[in-house]
1. Take the conditions in contact with a helix residue (DSSP H, G or I) (Cβ under 7 Å, 6 or more places away or on another chain), modelled with pLDDT of 95 or more, in the same structural domain as Leu148 (by TED's automatic domain parsing) and among the charged types (D, E, K, R) and apply them to Arg20. Does it pass?
2. How many residues does segment 184-203 contain that are touching a Ser or Thr at 6+ places or on another chain (Cβ under 9 Å) and within 16 Å of Pro155 (Cα to Cα)?
3. Given the residues Leu173, Leu144, Leu164, which is the only one that is buried (at least 17 other Cβ atoms within 10 Å of the Cβ) and closer than 30 Å to Asp61 by Cα?
4. Assess whether Leu94 counts as being touching a Phe, Trp or Tyr at 6+ places or on another chain (Cβ under 9 Å) and aliphatic (A, V, I, L, M).
5. Anything in segment 100-118 that is in a loop (DSSP other than H, G, I, E, B) and of a type outside the set (S, T, N, Q)? List them, or say none.
6. Name the residues in segment 145-180 that are touching a helix residue (DSSP H, G or I) at 6+ places or on another chain (Cβ under 7 Å) and within 26 Å of Gly108 (Cβ to Cβ), would you?
7. Could you check how many residues of segment 185-203 are more than 18 Å from Gly161 (Cα to Cα) and in a helix (DSSP H, G or I)?
Amino acid sequence: MPTTTSAPSDGLPTGTPRERLLAAANELFYAEGPHTVGIDRVIERAGVAKASLYSTYGSKDGLVRAYLESRHERLRTRLLTATEAAPTARAKILAVFDALADLVSAPGYRGCAFVRASAESAEDDADDAAMQASREYRAWLDELLVGLARDAGAPDPETLGRQLLMVYDGAGLGVRMDRNPDSGRQARAAAEALVDAALATRR
């Protein structure tokens with residue numbers, strides 16, 4: 001995944017044109033939504049020539065996909081690092097929600113980037129880059145939670161995994177929509193209750 005560095009004194013991102021474009025996209029697309037932000041603003045923010053966009057990402061759609069894929073990769077790394085450090089299958093599920101609580105309580109958190117991007121897209125547009133990347137992210141997160149539920153011995157891991165996914169989603173919405181600073185901690189408690197209730201039904 002491309003890396004970005006802190007901005008210099010002129011406020012522009014640093015690094016290669018590819019990195020600068022991605023850093024500018026992360027800043028502007030996350031704050032305002034990828035479909036709202038014109039590509040000229042991204043180019044100006046990155047401090048690169050317009051030709052750099054087309055030579056590196058091909059189009060705005062290519063940059064939108066790269067932006068969402070970079071966020072997916074960072075989140076994937078965060079969650080897998082958390083689960084790998086947990087000692088038991090049950091603890092791995094709760095580690096996901098500990099990591100989530102840290103994420104949603106961080107300064108500058110503005111909700112789920114994938115929710116925002118997909119909300120601006122036509123659901124039936126199979127070629128929409130934001131919708132494609134969002135669906136790939138959702139499929140991965142669903143697979144992660146269902147797999148962890150299965151590893152924990154839940155009798156119905158698909159149901160538990162998708163219940164956990166709904167709780168996961170709710171944490172971000174609670175922070176963004178309700179201005180609830182305890183949303184992540186409350187989601188973690190709800191996930192623990194769901195997991196323990198499911199595991200208690202094992203025979």
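The values are calculated or read from the model by the stated rules, or taken from the named source; none is laboratory data. What you see is a predicted model, and the numbers here were worked out from it, not measured in a lab. Positions of Cβ are backbone-derived with ideal geometry, glycine not excepted, and every protein chain shown enters the neighbour counts.
1. Details: in contact with a helix residue (DSSP H, G or I) (Cβ under 7 Å, 6 or more places away or on another chain): yes; modelled with pLDDT of 95 or more: yes; in the same structural domain as Leu148 (by TED's automatic domain parsing): no; among the charged types (D, E, K, R): yes.
When the stated conditions are applied, Arg20 does not pass them.
2. In the first step, residues of segment 184-203 are kept if they are touching a Ser or Thr at 6+ places or on another chain (Cβ under 9 Å); the result is 184-185, 198.
After this cut, where a residue has to be within 16 Å of Pro155 (Cα to Cα) as well, the list is 198.
Qualifying residue count for the region: 1.
3. Working: Leu173 fails: buried (at least 17 other Cβ atoms within 10 Å of the Cβ); Leu164 fails: closer than 30 Å to Asp61 by Cα.
It is Leu144.
4. Spelling it out, it is not the case that Leu94 is touching a Phe, Trp or Tyr at 6+ places or on another chain (Cβ under 9 Å) and aliphatic (A, V, I, L, M).
5. Of all residues in segment 100-118, those in a loop (DSSP other than H, G, I, E, B) come to 105-112.
Across segment 100-118, the qualifying residues are Ala106, Pro107, Gly108, Tyr109, Arg110, Gly111, Cys112.
6. Leu145, Leu164, Leu165, Val167, Tyr168, Gly170, Ala171, Gly172, Gly174, Val175, Asn180, listed by residue number.
7. Of segment 185-203, the ones more than 18 Å from Gly161 (Cα to Cα) are 185, 203.
Checking which are in a helix (DSSP H, G or I) leaves us with 185.
Result for segment 185-203: 1.
Per-residue answers, yes or no, for (1) without any contact (Cβ under 8 Å) to a residue 12 or more places away in the chain; (2) more than 16 Å from the chain's Cα centre (by Cα):
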{"site": "Thr14", "(1), (2)": "yes, yes"}
{"site": "Ala24", "(1), (2)": "no, yes"}
{"site": "His35", "(1), (2)": "no, yes"}
{"site": "Lys60", "(1), (2)": "no, yes"}
{"site": "Arg65", "(1), (2)": "no, no"}
{"site": "Glu69", "(1), (2)": "no, no"}
{"site": "Ala82", "(1), (2)": "no, no"}
{"site": "Arg90", "(1), (2)": "no, yes"}
{"site": "Ala99", "(1), (2)": "no, no"}
